[in-house]
1. Which ones in the stretch 37-65 are of a type in the set (S, T, N, Q) and assigned to a helix (DSSP H, G or I)?
2. Take the stretch 42-54 and flag every residue that is modelled with pLDDT of 85 or more and under 12 Å from the mean Cα position of the chain (by Cα).
3. Exactly one of (1) in contact with a Lys or Arg (Cβ under 8 Å, 6 or more places away or on another chain); (2) at positive phi is unmet by residue 62. Its number?
4. What number of residues within the stretch 29-54 satisfy the criterion of being among the acidic types (Asp, Glu) and surrounded by 18 or more Cβ atoms within 10 Å (Cβ to Cβ)?
Amino acid sequence: MNTETLFGSIADDSSTKDSMRITVIGAGEVGRAIAATLSDLHKVIIIERDQRIGSWIAACCQTDFVAVS
């Protein structure tokens, strides 16, 4: 998987012009807090091993989620 498939093309995404793309590794206490705090203003992607946790956090924080093993 290339990074453009995972994160999209920066040049083609005008919605992130004034915001950052943030990747959070792990949806533990700190990862959840970071995602929840930053997702209002920035594009946040969560990478988590446990798909149940990652999906729940992504829905609550309106972020994207990538499951890894």
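The values are calculated or read from the model by the stated rules, or taken from the named source; none is laboratory data. Since we're looking at a predicted model, the values are computed, not measured. Methodologically, a virtual Cβ is constructed for each residue, glycine included, from the backbone with ideal geometry; neighbour enumeration extends over all protein chains shown.
1. Taking the stretch 37-65 first, the residues of a type in the set (S, T, N, Q) are 37, 39, 51, 55, 62-63.
Those that are of a type in the set (S, T, N, Q) and assigned to a helix (DSSP H, G or I): 37, 51, 55.
2. Of everything in the stretch 42-54, those that are modelled with pLDDT of 85 or more and under 12 Å from the mean Cα position of the chain (by Cα) turn out to be 42, 43, 44, 45, 46, 47, 48.
3. (1)
4. Within the stretch 29-54, the subset among the acidic types (Asp, Glu) is 29, 40, 48, 50.
Checking the rest, the ones that are also surrounded by 18 or more Cβ atoms within 10 Å (Cβ to Cβ) come to 48.
Residues that pass the stated criteria total 1.
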